[in-house]
Amino acid sequence: MKAERSDAFVFFGITGDLAFKKIFPALQAMVRRGHLAMPVIGVARSRWDLAQFKARAKASIEAHGDFDPVVFEKLSALLRYVEGDYTDASTFVALREALGDAMRPLFYLAIPPSMFVAVANHLAASGCAKNARIVVEKPFGRDLASAQALNRTLLEHFPESSIFRIDHFLGKEPVQNLVYFRFANPLVEAGWNHEWIESVQITMAESFGIEGRGRFFEEAGAIRDVLQNHLLQVLACLGMECPCRKDDEAIRDERARLLKDVRTLEAADVVRGQFRGYRREPGVALDSQVETFVAAQFHIDNARWAGVPFFIRAGKRLPVTITEVLVKFKCPTPATLNFYLAPPANHYRFRINPEVVLAIGAKVKKPGELLVGEAIELLAHHQSQDVMSAYERLIGDAVIGDTALFARQDAVETSWRIVDQVLGNAAHLYEYEPGTWGPREAMTQCGPEGGWHDPRPDFTHLPGAM
Ligand code: NDP
């Protein structure tokens, strides 16, 4: 049965950073495509009138979107603002009033995580939660126990099919393509297993630091900020089995099933790093033990992946800003073929950010008299001007009740189970110089055989080449 569209969009945290950078531009894009024609109600504490709210929306799209005066006028006509504190019941009475005739509102919570439970409870007590959907921003909990507690509260007021735990990586085109590319190409799927694949590396490198968000980062660290959510979802897309049904749950079933097969991390599987100078950032403790870099080795205990290590690393103040997956194939070496097959072997490389590129690593004969080979990459740049941003895609899906690209309760809790034992100071913290690829120990204690491939902006540096 087709789910009904939401008929009002309510955004908690509308005066905040996420709304300014991502949400207003996504809303204008939705209006442009004809995907948004319902009231958009912002709720926050700032004492703004409607004109100030509209001015903020305009400034946001001018700074971070593609401002279009005609489309913006249409968006502007939909905007409403409710001022109030989230701990105060009267805020929700005012919201109920602002909702008017709306019967199926969509609530988006982009607020301090400590407020999630209070807002959910007030939505229920005020009658706003009836027939509603709720989108919850990350971080979804701080560890397994708090994620379970938050799930319990949300499930008291909303059915699982109405809860949308956002992980914007799942809304990214190139992440969806990981799944599509694997299962739409029999050639790829045929070798996508432990018989052919030696290892998988996922690198999320950021050249910038914490950009004034010291207080936030001190509560998070790299494991909570990106590994437990975004990067484990990428791992799930790379490792999962083919969804065999067409309903929303099929793909979520497979991602969750894969995560259940991932072994719980122990301290020895993880190297944590902190860039030199982090402790001098505003909001950061002078003796902070919070990691700005993490490298970890994962094992998946199932028939497809037995014995294939998956490596993930993520860090701030690294040499580049690039997110990339490298799938390295084994090098079959029957004695007679050694001559042709000398390493590097084949690989797939999926660049997810900043551009979308798929590369297949192969060896070809070097032109000339000698029968010697050289490594090349077959590159496909896969960029489209009109592609939806992850937030536009995910808000649009939540409006129509499509849960496929959101994290389900079991997957979120399993992801926390995987990292739970290495949160905090369980693994040693090493210092690294800004502008380097993290602590040396990430290579010596937690690196793939042959070393990590350090991606560069251009594609001249092939994996396996020193
Ligand atoms: P901000 O601190 O910038 O914004 C917080 C928002 O919550 C503001 O609108 C603030 O209103 C409102 N707020 C906080 N407390 C109250 C209260 N008691 N009553 C009413 N309003 C309140 O946070 P961000 O936008 O950066 O982040 C919001 C959420 O999104 C967090 O969960 C974060 O982890 C997540 N997120 C953020 C990203 C980002 O790039 N910023 C990226 C990914 C996720 P007011 O300003 O009026 O006080």
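The values are calculated or read from the model by the stated rules, or taken from the named source; none is laboratory data. Because the structure is a prediction, the values reported are computed rather than measured. Ideal geometry is used to build each Cβ from the backbone, glycine not excepted, and the neighbour counts take in all protein chains shown. Keep in mind that these areas ignore ligands, DNA and RNA; they rest on the heavy atoms of the full protein, side chains included. Shrake-Rupley method; radii C 1.70, N 1.55, O 1.52, S 1.80 Å.
For GLN274, nonlocal amide neighbours, meaning residues 5 or more places apart or on other chains whose placed amide H falls under 5 Å from its own, are THR292, TYR430, GLU431, TYR432.
Rounded to the nearest whole Hz, the Karplus-based 3J(HN,Hα) values (6.51 cos²θ - 1.76 cosθ + 1.60, θ = phi - 60°) of the range 126-137 follow the sequence 8, x, 6, 6, 4, 6, 9, 10, 9, 9, 10, 6, with x at glycine and proline.
Scaling the Cα radius of gyration of the chain by the globular reference 2.2 N^0.38 Å produces a ratio of 1.03.
Set the bar at 31 Å for Cα to Cα. Now go through LYS21/LYS74; LYS260/LYS316; LYS138/LYS330 and name every pair that lies beyond it.
Going by Cα-Cα distance, LYS138/LYS330 fall outside the 31 Å limit.
The share of C-alpha pairs in the range 336-466 whose separation exceeds 25 Å stands at 57 percent. Between helix 173-184 and the chain there is an angle of about 50 degrees, using the helix long axis and the longest principal axis of the Cα atoms. Share of the range 8-137's accessible area from carbon and sulfur, percent, 1.4 Å? Carbon and sulfur together cover 53 percent of it. In this calculation the C-beta distance from THR460 to PHE181 is compared with R0 = 25 Å, giving a FRET efficiency of 0.60.
For LYS58, a cut-off of 20 angstrom between C-alpha atoms picks up these aspartates and glutamates, skipping any fewer than 8 places away in its own chain: ASP17, ASP49, ASP66, ASP68, GLU73, GLU83, GLU392.
Working note: Cα gyration tensor of the range 170-444, eigenvalues times five, square-rooted, sorted largest first, giving semi-axes of 31, 25, 19 Å. Taking a straight line from the alpha carbon of LYS365, these aspartates and glutamates sit under 20 Å away, with near neighbours fewer than eight places off in the same chain left out: GLU374, GLU377. Sorting 363-372, 412-421 by their mean Cβ neighbour count within 10 Å, with the most densely packed peptide first, gives 412-421, 363-372. When its C-alpha radius of gyration is set against 2.2 N^0.38 Å (N residues), the range 207-343 gives a value of 1.33. Taking a ≥ b ≥ c as the square roots of the eigenvalues of the Cα gyration tensor, an a/c ratio of 1.5 or more together with a/b no larger than b/c marks the range 123-282 as oblate. Calculate the length of the line joining the C-alpha centroid of the range 119-192 to that of the range 353-423, in whole Å. With the range 119-192 and the range 353-423 each reduced to a Cα centre, they are spaced 19 Å.
Taking the Cα atoms only, what angle lies between the long axis of helix 50-64 and the longest principal axis of the chain, rounded to 10 degrees? The answer is roughly 10 degrees.
Each residue, ALA89 and HIS382, gets one label point 7 Å from its Cα in the Cβ direction; the gap between the two is 5.3 nm.
Quick one: angle between helix 89-99 and the longest Cα principal axis of the chain, in degrees between 0 and 90, rounded to 10, please. The angle comes out near 90 degrees.
So for ARG56, ARG182, what's the accessible-area order with a 1.4 Å probe, most first? Before the final figure, lay out the partial values.
On the way: ARG56 65, ARG182 0 Å².
Final ranking, largest accessible area leading: ARG56, ARG182.
Per residue, the chain exposes an accessible area of 45 Å² to a 1.4 Å probe, with every protein chain left in place.
For the range 452-463, 3J(HN,Hα) computed residue by residue from phi via the Karplus equation (6.51, -1.76, 1.60; θ = phi - 60°) reads 5, 8, 8, x, 10, x, 8, 9, 7, 9, 7, x Hz, glycine and proline entered as x. Quarter the surface of the alpha carbon convex hull of the range 125-212 and you get the mean projected area, 10.4 square nanometres. Here the range 8-137 was treated as a single set of alpha-carbon atoms; its pair distances binned every 5 Å from 0 give 2, 11, 22, 25, 20, 13, 6, 1 percent.
Segment ALA404..GLU160, full-extension length gain: 86.6 nm, with 0.36 nm per residue of separation and the alpha-carbon distance subtracted. Of the residues VAL200, ALA149, ILE210, the one whose Cα sits farthest toward the positive end of the charge dipole of the range 128-271, with +1 on the Cβ of Lys and Arg and -1 on the Cβ of Asp and Glu, is ALA149.
Straight-line cross-link partners of LYS246 among the aspartates and glutamates, defined as a Cα under 18 Å from its Cα and at least 8 positions apart when in the same chain: GLU254, ASP397, ASP402.
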